[in-house]
Structures are given as C-alpha cells and as structure tokens.
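What follows is one structure encoded as structure tokens, with my remarks underneath.
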Amino acid sequence: MDGIHARFRLDWPGFTLDIDLDLPAAGVTVLFGHSGSGKTTLLRCMAGLERPLRGHFSFNGEIWQDGRRWVPTHKRPLGYVFQEASLFEHLSVMGNLRYGLKRVKDVQRISLGHAVELLGIGHLLDRRPARLSGGERQRVAIARALAVNPRLLLMDEPLSALDQKRKREILPYLERLHDELEIPIIYVSHSPDEVLRLGDYLVAMEGGRVVARGPLAETLTRLDGPMRIGEDPCVILDATVGIIDARWHLARIDFPGGNLWFRDPGLPVGRRVRVRVLARDVSLSARPPQESSIQNILTGAVECIGEDEHPGLAIVRVRVGPNRLLARLTRRAVTALNLEPGMEIWVQVKSVALTD
Amino acid sequence: MHFVEGDFQAIWLTARLAGIVTLVLLVLGTPAAWWLARTGSRWKGLIGAVVALPLVLPPSVLGFYLLLAMGPNGPMGKLTRHLGISPLPFTFEGLVVASIFYSLPFMVQPLQNAFEAIGDRPLEVAATLRASKLDSFFTVAVPIAFPGFLTASILTFAHTVGEFGVVLMIGGNIPALTRVASVQIYDHVEAMEYSQAHHLSAVMLGFSFLVLFALYALRPDPRRRG
C-alpha cells in the first residue's frame, strides 16, 4: 500500500474542489496551477487544516481521513511550510525549531543538527524572528518543519513571498532537500521555474480539478495534453557534470543516451544537475550534420509529430536513449525531411540551460 | 496626610476585592473571550452583547437586579440557601460576586481583541508542529496575547477599585466588611470631613493615574519591535 491516495470534495461558495489522485510517496510532487486553481486548498486538505465533508486520504497505507475517521493535524506525521514563514514571534529561532521537536515521540530520522546544517541557519539560532530577513525566515520555517521528523513534507509556495534574489538564495537548499532527504515532498507552486527545477511528478490543476498529471519528464513531452509549463515547450534532463574543459570554458554533462557541452557553470565534476532544453533550440537533420556551428549532435529516433500553437509550426518528439527531446520545426521542414515515426535522425542542440 | 483607621481598612478591603475579582475573572473571562474570538456560532452576537451590558448599564440598575437575584427569592439566594451558606447581600462575598458581573467586560473585551489579533495561522502552525488545541492555546495563544492579558487585568482591577453604585446596592456600608474606599470617601463627605475626603481621594487619583500610566507605558510599541 505504498503511495498517497487523496480524494476530496469540498464545496465553497464559488469554488469546488473535486479531486481523486494517486501520488508517488517519493520525490517532489508539484501541484501546479494559477491562483484559485485549488492547489493550496488541496494541500490544506492533505494536512487536515481543512476538513472536507467527503474525502479520503491515505499515506503509505495509513488512513488519515476516511468517512468519519479523522486524524487531526497534530497527529499526522507531516511537516508543513506555509507561504509566509509564520514563525512564532515570541520565541527565538531555536525556540521555534524546538517547539515541534519537543512534541515528537517517534525515532528521529532527521536530527535537529542536520536540519540546521541543511538550511544553513546555524548562525541564526539565538535571534528573534523579527531580526531575520525574508529568506532567513523561510529557511528557519523549513528547518522547523523538518525538525518534527515528518514522513511527508507539504510546502505551500514557500518562495512566493520572496523577491528574486531571496528565491535564488533558497532554491539550492530546496534542491538539497530533494537530493538528500528520502521524505516525499508535495510542493505547491505557480512558478514554471520551480516546477522545472524541483519537480519529479507533476499535478496540474485548474478550477479545483486536476487537468494533467504524471512524471514531470513524461508530462512535458506529451504532445496531446494541454500541459505547457512556461512560455515555450521544453524538456528537462537529469544529468551529471562529466568533464570540465578549462581551455574553452565548457562543461560536458552526461545523461543516459548522450552528452551535451555547454558553458562551464562552475560546478564540480560528478555534481548532479538538471538542465532544460527548449524545443526551439533543437533542430533535426536527416544526415550527419557537418561543419555546423552547433556542436551538440545526438542521434535519436522520431517518436511522433504534434501540432504547435501556430499552424506553420510542429513539435517533433525524438527519443534519445531513454530520454526524449522536443524540437520545434516548421511544417515545411517536417515535410522536406520526410519525418515520420521510427525514423533515425540527428539532433542538433543549440543551447542548454541549468534550471534556475 | 492624615488618615483615620477606617481609611486603611477601606483601602485594604478595596485592594482585596479588586485582586480577588481580577483573579476570578482571569479564570472565567479567558475561556469566554477565547470562545467569542474564535467561534462562528450564531450566538456570538447575543453573548457578546450580554458581556458588554455592564459597560452601559447604570451601576444602580445592575446592583438592583443583583440584589434581587441574591435575595431570598432570587435564583442566587435560593442557591445559597440550598448550599447552606449565608445570603450574599451585605457580605464581602456578595461584593465579589457583584463585581465579577460589573467588571466582566473589562476582562473579556481586551482579551477577545488580543485573541482575534492572533488569527488562525499561528495555531495552524502549532498543529502542524504536533501541538494539540489545548497545548497550542497555552504555548502559542497565551504568550502572543500576553499584552492583552496585562491590559485586561489592569483594567479589571482598576475598574473594580472604582466601583461605587453596585457596592452601595449590594453591600451597603459596613466598616471593614463592605465599606470600600469609594464608599469611605462618600461617608467623609457626608460627615463634612472634607480634609479626610481629600486625602483618600488623592490616593485614589494617584492610583488611577499610575495604573493608566503603566498601561500606556507597558503597551508594546509596534515601532520598537524586536
């Protein structure tokens, strides 16, 4: 009975939440949607902060809500990070961290020290919340949620109250949570950047309903659905830094199915990175391209050809090893190259970016 | 300054009365204020109005009804007889009970405001940090609302000290038993002892000023937080 099962129906004046979801109990699941889509309400239902009349929620076989059965929030083994840090102003940072810790009975999986180290707040412990910056407050709030040793971490747009600079300051810490903790995280966001950077599994919401869901990489390469994260179609690749070429200031990142060179981001060899490849930066060639300025050339096979927003354009999905890339071509090019599913093809990737 | 024996008795009696009433109202008023601050019940308006009634009611009216209630045929009178204790009118205990009604809004309203100002969020945070409702009340709501408790206690104490009309109706004017400071001043004036009335009045004036000064000085200044 692994996994998370959530079924909620909530009727408010002017808003109805109606969802039935199975989610993996691992990695980061992003609830993505515009404001008013119900993603925060869904998260609050999961935490027991809202009590829908009809609902069912189970986590790895443990039932937290079903019919009349109701486990109150304080008895659910979860951590919750609110949109605003919501620190207890009457306690010091340490007092905030210890508040939940003191009330937890089960075995510590994450020590307080580890949480403090993970969020880099060791130098702030004696301070009052009023003396912290916005970014620091949110890091303390995240550490506080981790200190209760949650088996499920719920995060409600933890970055949305912060400016761009503070976001950049916190995102690496969130990536560390993603990489170093084994706790499943459900993360509410309306930001395409955060989805691409942190997500493993995507749930797209609209008007209180789920409109698309699936593993992020797969959802992004689905050509039929309404799913589009951000402005342009893109894919993400989870890769590692393979080689640094100091002479040309380039780095090679390796992923199953190939490798790509791009300008050296200053990361050490072996570091896991996630890169985004925009469909408009990918072109296809029926023959091995020669003497091209585009030096990232992969081989793959056409999987399918889908429509783009403009009638003159098409999106072609290409399989490269176990990964998929999207290429945006003109319709004319598709015909000129005689592209059809199964065809072997050379893929030229003009640029790649780290997701941030 | 010149005080007579009765003055000291009156001051001590007043302080004892106000202290006891403040403590009792802290215990009774806190849950009432909490309920009023957080309930969505349709009874909220009605209960709120009843609690606020002593603010506008002439003390003699309140005292009159309390006297009837405490009398042999009133509900409280029947209760005291049933319990085998002496009737409340013209006793110190009677003054305590009457003052609890009289000063109720001065405890409940500041507390209610303080509780309302907390909002839902800190309590939700506490719940996600494994605190039960009772736990979070004592560890989150009370500390955050602490200035409200201070304000409410000071106002209740001071208001009880200033009580006059209700005391006369319920307690009469029995030396060392129900003759509080305000009544003592009244007696001095009646007896044309103006200088003694002056002295006791000056004490009351000084006390009232100090209380209000403390209240304003202690109130946390939002511009000086942290």
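The values are calculated or read from the model by the stated rules, or taken from the named source; none is laboratory data. Values in this document were obtained by computation on a predicted structure and should not be read as measured data. A quick note on method: Cβ atoms are made from the backbone with ideal geometry, for glycine too, and the neighbour counts reach across all protein chains shown.
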* Structure fact -> Filtering segment A:28-48 down to residues that are in contact with a strand residue (DSSP E or B) (Cβ under 8 Å, 6 or more places away or on another chain) and either in a strand (DSSP E or B) or surrounded by fewer than 18 Cβ atoms within 10 Å (Cβ to Cβ) (or both) yields A:V28, A:T29, A:V30, A:L31, A:F32, A:H34, A:G36
* Structure fact -> A:L198 vs (1) in contact with a helix residue (DSSP H, G or I) (Cβ under 7 Å, 6 or more places away or on another chain); (2) over 25 Å from B:L129 (Cα atoms): all pass except (2)
* Does A:S111 satisfy the criteria of being out of contact with any Ser or Thr (no Cβ under 6 Å at 6 or more places or on another chain) and without any contact (Cβ under 8 Å) to a residue 24 or more places away in the chain? -> yes
* Asked: Restricting to strands (runs of 3 or more DSSP E) lying wholly in segment A:263-341: which have 2 or more residues that are over 22 Å from A:E218 (Cβ atoms) and in contact (Cβ under 8 Å) with a residue 60 or more places away in the chain?
  -> A:282-285
* Got at least one residue in segment B:145-154 being surrounded by 15 or more Cβ atoms within 10 Å (Cβ to Cβ), touching a helix residue (DSSP H, G or I) at 6+ places or on another chain (Cβ under 7 Å), away from every other protein chain (no Cβ under 14 Å) and closer than 30 Å to B:E5 by Cα? -> yes
* **strands (runs of 3 or more DSSP E) enclosed by segment A:111-207 - at least 1 residues per element that are at negative phi, surrounded by fewer than 19 Cβ atoms within 10 Å (Cβ to Cβ) and not aliphatic (A, V, I, L, M)** => A:201-206
* Structure fact -> Taking segment A:77-99 and keeping only residues that are facing chain B (nearest Cβ under 8 Å) and touching a Ser or Thr at 6+ places or on another chain (Cβ under 8 Å), one is left with A:L78, A:G79, A:Y80, A:Y99
* Asked: in the same structural domain as A:L21 (by TED's automatic domain parsing) and within 16 Å of A:D20 (Cα to Cα) - does that describe any residue in segment A:66-77?
  -> yes
* State yes or no: is A:T41 among the β-branched types (V, I, T) and within 13 Å of chain B (Cβ to nearest Cβ)? => no
* **Subset of segment B:1-28 [aromatic (F, W, Y) and under 12 Å from the mean Cα position of the chain (by Cα)]** => none
* May I ask you to say which residue of B:H198, B:H188 is crowded, with 20+ Cβ neighbours inside 10 Å, over 17 Å from the mean Cα position of the chain (by Cα) and more than 30 Å from B:A114 (Cα to Cα)? => B:H188
* Structure fact -> Turns out the helices (runs of 4 or more DSSP H) fully within segment B:138-226 with at least 1 residues that are touching a residue at least 12 places away in the same chain (Cβ under 8 Å) and closer than 30 Å to A:E89 by Cα are B:146-161, B:194-218
* Structure fact -> Counted residues in segment B:44-86 being of a type in the set (F, W, Y) and either more than 22 Å from B:V161 (Cα to Cα) or free of Cβ contacts under 8 Å to residues at least 24 places away in the same chain (or both) come to 1
* Asked: Can you name every residue in segment B:24-59 that is in a helix (DSSP H, G or I), among the hydrophobic types (A, V, I, L, M, F, W, C) and loosely packed, with under 13 Cβ neighbours inside 10 Å?
  -> B:V27, B:L46, B:A49, B:V50, B:L55, B:V56
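Residue-wise test of (1) more than 24 Å from A:H114 (Cβ to Cβ); (2) within 14 Å of chain B (Cβ to nearest Cβ); (3) under 12 Å from the mean Cα position of the chain (by Cα).
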site	(1), (2), (3)
A:A130	yes, yes, no
A:R139	no, no, no
A:R144	no, yes, no
A:K167	no, no, no
A:V188	yes, no, yes
A:V203	yes, no, yes
A:A217	yes, no, yes
* Say we look at segment A:53-73 and pick out the residues that are surrounded by 17 or more Cβ atoms within 10 Å (Cβ to Cβ) and free of Cβ contacts under 8 Å to residues at least 24 places away in the same chain; which of these is nearest to the other protein chains (Cβ to nearest Cβ)? -> A:W64
* Structure fact -> Residue pairs within 8 Å by beta carbon, gap of at least six or interchain, first lying in segment B:91-104 and farther than 17 Å from B:N173 by Cα, second among the small types (G, A, S), listed first then second, are B:L104/B:G29
* Structure fact -> When B:I174 is run through (1) in contact with a Ser or Thr (Cβ under 7 Å, 6 or more places away or on another chain); (2) away from chain A (no Cβ under 14 Å); (3) β-branched (V, I, T), the failure sits at (1)
